[in-house]
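A quick write-up on the structure given underneath.
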Amino acid sequence: MYIHSVKLINYKSIGDYPESEIILEPGITVIIGKNESGKSNVIDGLSKINFLTINEDAFSRNAVNRNIATGSENRFIIIIKSDDRESTLGINVDTTIEITKNKCIVTGGLFEYYLQTIWPEFEEFVKLLNSISENPMQLNASDYSYYKSYKQELINRDNVDLYYKKKAINYFKNKITIFPKGNQDIIKAKLENLITLWDKYTSMFPTFFYRKSDKHLKTTYNIEDIKKELNPNVTTHSLLSELVQLIDISEDDFIFAATTGISSVQESLRSKIVRQIRKKINYPFNDFYGTEYIDLEISFNSGSISFKVQSEDGEALMLSERSDGLKWYLETFIDAQAHDIKGKNVVYLFDEPGTSLHINAQKELLTLFQDLSDKGNQIVYTTHYPHMLDLKNNGIHRIRAIVKNNEGFSNIYKTAYDSRIASESQQDTLAPIINAIGMSLNDTFGPAKDKLNIVVEGMSDYIYLTTMAKVLKINKPFVIIPAVGASNCVHIGSILHGWGCPYIVVFDYDNEGVRNGEALRQKMEFELNNQYCYVANVTLDEIDHKTYKKNQKMIEDLVTQEEIDRFYRETNTSDSLGKVLIAKLMCTAIENGNYQVGEECKENFRELFDRILEFH
């Protein structure tokens, strides 16, 4: 199962409107938006979702937005979709879960599955209780009303309230010894079977885990650091307490083991800690990590401890010497395990995870996110760093934009280029994307609402078209946007389409240009020569017959090689310069009147402009 969407109604800066819903990708979802837009509130709201236990923090007064004055309460509506595993079980309908202050109601696919596979067992259990007597535990009137209520919950067919159902199961579990002795064994056996079925059923629901990136495992701790970190009354930014919890060692024993001394009890505790780290951390972590086999090792050094990482090639390095990526993964694992987060079907939540990392480590983090996703988990994270955006393979469609409106409410948009985003918020909201695709906010990207936006693949295309428009005295208003790559043309074209701006995307007629151009036609239903075109004047039939394999055409082909060679000769310019610099030098000379461009070049560009402007 995976989370398809979550509607965060009246949670903090999010109100009760269609834009309170965030759509999640089956793999990785990225949230962008300027500071104070509400990105962290979305992550925080998602982190409050627990399908099995009431989270009182989710419904405290601090969690409800200004609508609390009207008596409104916050609630969560979650849509879950089945993956291949659940489909084989016959769960093909979406599941809806609504969480309120005291209820977690399940309807849809997982409810139907419950009725077919688990409810009959609950019915049999209730029949067993009724067969003993109406009041088998001889309860007083008050307790008997609870008994009847919990018994009725077990056979409720209207929906599944996960909270109340779990409470009912625990009620009977805790009352086993009160039943008549002759019936205790059969009731216990029946109940244990129910609990097994129930645990298997509830394990199908995804788990949300909020990894707070400010908690780290340090390389070295002295004894005073250890006492401070393990003091439950002191809030720290260390994972040491989680590590100690995970390896099943008491705080007092860990402190005693780290204290200076070589008593037999201390040595025994130290050996036990080493064994437990190997058992509880190293073995499961290597299944979790999978990139290389490593061991986390602890050393006890006369009143201090230190952590090293031993790799499979035999090299042992201090924890601080390992890559930020490995340390991040190890810390995430320890934190998750300490919170009893196991296996797949986890929604990992990260708020600005790349803040303290350099660019290469941020890029490594994206690889680790993908690895977590490949293991059957979902990743949701916020960022305002361009290097934390992976725009390959239509990655722009994984991005959600958060924008705060004039009333102070946060709106969540499925695409970062939604036309409903106010124009004054567009540039700030899209800044990470614009930077990620190699553009500057100071470039021509505006975009223009009252002009035609011409998107081209690169800077040389931008330079030639800008200059030739002046030479040919093209009077129609337009701006030219250099996209820095054919794939980025797709992203920018999608953005302009979503914003409702007039636009056309111009691709080179080569393998890469056609691959991305036809992706726009097939996926976005863009129309050739209206919303996108090629440098070459070609038909769909020519495209389908792949004529670009033999007759490719780029912007330099419109200039013509003869024109470029003549420019070399007449201006004494080196022919070893890059194409962007050549374009800049030639066009500067043209605009300054130092070079006259030939008629063939003019005619080629006139034909391209005619096609670009025909429908605009």
Exercise. Leaving out same-chain residues fewer than 8 places away, which aspartates and glutamates sit with a Cα under 15 Å from that of Lys546?
Worked result: Asp508, Asp510, Glu512, Glu518
Exercise. Rounded, prolate or oblate: which fits the range 462-541, taking a ≥ b ≥ c as square roots of the Cα gyration tensor eigenvalues, rounded meaning a/c under 1.5, else prolate when a/b beats b/c?
Worked result: prolate
Exercise. Helix-derived [θ] at 222 nm for the chain: sum -39500 (n - 2.57) over DSSP H runs of at least 4, divide by residue count, nearest 500?
Worked result: -13000 deg cm²/dmol
Seminar exercise, completed: Percent of all Cα-Cα pairs per 10 Å bin for the range 20-106, counting from 0 up to the last occupied bin, reads 14, 39, 34, 11, 2
Problem set entry | Net charge dipole size for the range 179-221 [Lys, Arg +1 and Asp, Glu -1 on Cβ; Debye, nearest 20] | 220 debye
Exercise. Amide H to amide H, which residues 5 or more places from His216 or on other chains are under 5 Å from it, using H placed in the peptide plane?
Worked result: Ser238, Leu239
Exercise. Taking amide H positions as placed 1.01 Å from N in the peptide plane, with prolines and chain starts having none, which residues 5 or more places from Thr207, or on another chain, fall under 5 Å of its amide H?
Worked result: Val346, Val347
Exercise. Give me the Kirkwood hydrodynamic radius of the range 92-140 in Å, from all C-alpha pairs, to one decimal place?
Worked result: 13.2 Å
Seminar exercise, completed: Fraction of alpha-carbon pairs in the range 43-180 farther than 18 Å apart, rounded to whole percent, equals 64 percent
For this session: Express the relative contact order of the chain as a whole percentage, based on alpha carbon pairs under 8 Å and six or more residues apart in sequence.
Result: 13 percent
Problem set entry | Paramagnetic label zone (point 7 Å from Cα along Cα-to-C-beta, Thr88; backbone N under 17 Å) in the range 169-207 | 201, 204
Problem set entry | Relative contact order for the range 237-367, counting Cα pairs under 8 Å that sit 6 or more residues apart, in percent | 22 percent
Exercise. How high is the relative contact order of the range 61-149, in percent, counting Cα pairs under 8 Å that sit 6 or more residues apart?
Worked result: 17 percent
Seminar exercise, completed: The Kirkwood hydrodynamic radius of the range 556-616, taken as the inverse of the mean 1/r over all distinct Cα pairs, in Å, comes to 12.4 Å
Problem set entry | Protection proxy ranking, peptides 506-519, 588-601, 268-281, average beta carbon neighbours within 10 Å, highest first | 506-519, 268-281, 588-601
Problem set entry | Table column - 3J(HN,Hα) (Hz), the range 219-224, Karplus curve with 6.51, -1.76, 1.60, x for Gly and Pro | 6, 9, 10, 8, 4, 5
Problem set entry | Burial ranking of peptide ranges 44-50, 322-328 (average Cβ count within 10 Å, highest at the top) | 44-50, 322-328
Exercise. Rounded if a/c is under 1.5, else prolate if a/b beats b/c, else oblate: with a ≥ b ≥ c from the C-alpha gyration tensor eigenvalues square-rooted, which is the range 273-316?
Worked result: oblate
Seminar exercise, completed: In the list [x] 1.32; [y] 1.11; [z] 1.25, the entry giving Cα Rg over 2.2 N^0.38 Å computed from the coordinates is [z]
Exercise. Can you give the charge dipole size of the chain about its Cα centre, rounded to the nearest 20 debye, using +1 on the beta carbon of Lys and Arg and -1 on the beta carbon of Asp and Glu?
Worked result: 1840 debye
Seminar exercise, completed: Applied in sequence order to the range 6-22, the curve 6.51 cos²θ - 1.76 cosθ + 1.60 (Karplus, θ = phi - 60°) yields integer Hz couplings, x standing for Gly and Pro, of 9, 9, 9, 8, 6, 9, 6, 7, 9, x, 10, 7, x, 7, 8, 9, 10
Exercise. Which shape class applies to the range 71-122: rounded if a/c is under 1.5, otherwise prolate when a/b exceeds b/c and oblate if not, where a ≥ b ≥ c are the square roots of the Cα gyration tensor eigenvalues?
Worked result: oblate
Exercise. Could the peptides 33-39, 575-581 be put in order, highest first, of the mean number of other beta-carbon atoms found within 10 Å of their residues?
Worked result: 33-39, 575-581
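Every number here is computed from the coordinates shown, using simple stated rules; none is lab data. In this text the structure is predicted, and so the values were computed from the model without any measurement. For neighbour counting, all protein chains shown are included, and Cβ atoms are generated from backbone atoms with ideal geometry for every residue, glycine included.
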